[in-house]
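Q: One structure follows; several queries about it will come next.
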Amino acid sequence: METPNRPIELSSTITCPECGHAETETMPTDACQWFYDCKGCGCVLKPKAGDCCVFCSYGSVACPPVQAAGACGGH
Ligand SMILES: [Zn+2]
């Protein structure tokens, strides 16, 4: 594991579990996003139990704090 400065991916494609609509969003680097309004059906997504944000639950890429540290920084 000699990749100390892995580039952090800031784009994550969220797939709605209700309607299957996928939308690519840019993630904030310093915060976890708890709610996400699906642009397909309008439902509000929330993280699954144990996940720190909607990107970890429904996104194609985990949120930046998780990418950097391997875990979310203590929320
Ligand atoms: Zn939806």
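Q: With Cβ to Cβ distances under 13 Å as the rule, what net charge do the other residues near Lys46 carry (K, R +1; D, E -1)?
A: Numbers: positive: Lys48; negative: Glu18, Asp37, Asp51.
Neighbour charge sum, excluding Lys46 itself: -2.
Q: Tell me which chymotrypsin sites (Phe, Trp or Tyr not before Pro) from segment 33-75 have a DSSP coil assignment and no more than 14 other beta carbons within 10 Å of their own.
A: Sparse-neighbourhood loop chymotrypsin sites (Phe, Trp or Tyr not before Pro): Trp34, Phe35.
Q: Please compute the net charge surrounding Phe55, taking Lys and Arg as +1 and Asp and Glu as -1 over other residues with Cβ under 11 Å from its Cβ.
A: Working: positive: none; negative: Glu9, Glu25, Asp51.
Every neighbour counted, the sum reads -3.
Q: Under the √(5λ) rule applied to the eigenvalues of the Cα gyration tensor, what semi-axes describe the equivalent ellipsoid of the chain? Give them in Å, descending.
A: Equivalent ellipsoid semi-axes, largest first: 23, 13, 9 Å.
Taken together, the values in this text are just the output of simple stated rules run on the coordinates, not laboratory data. On a predicted model such as this, the values are computed, not experimentally measured, just so you know. When we count neighbours, we look across all protein chains shown, and the Cβ atoms used for this are built from the backbone with ideal geometry, even at glycine.
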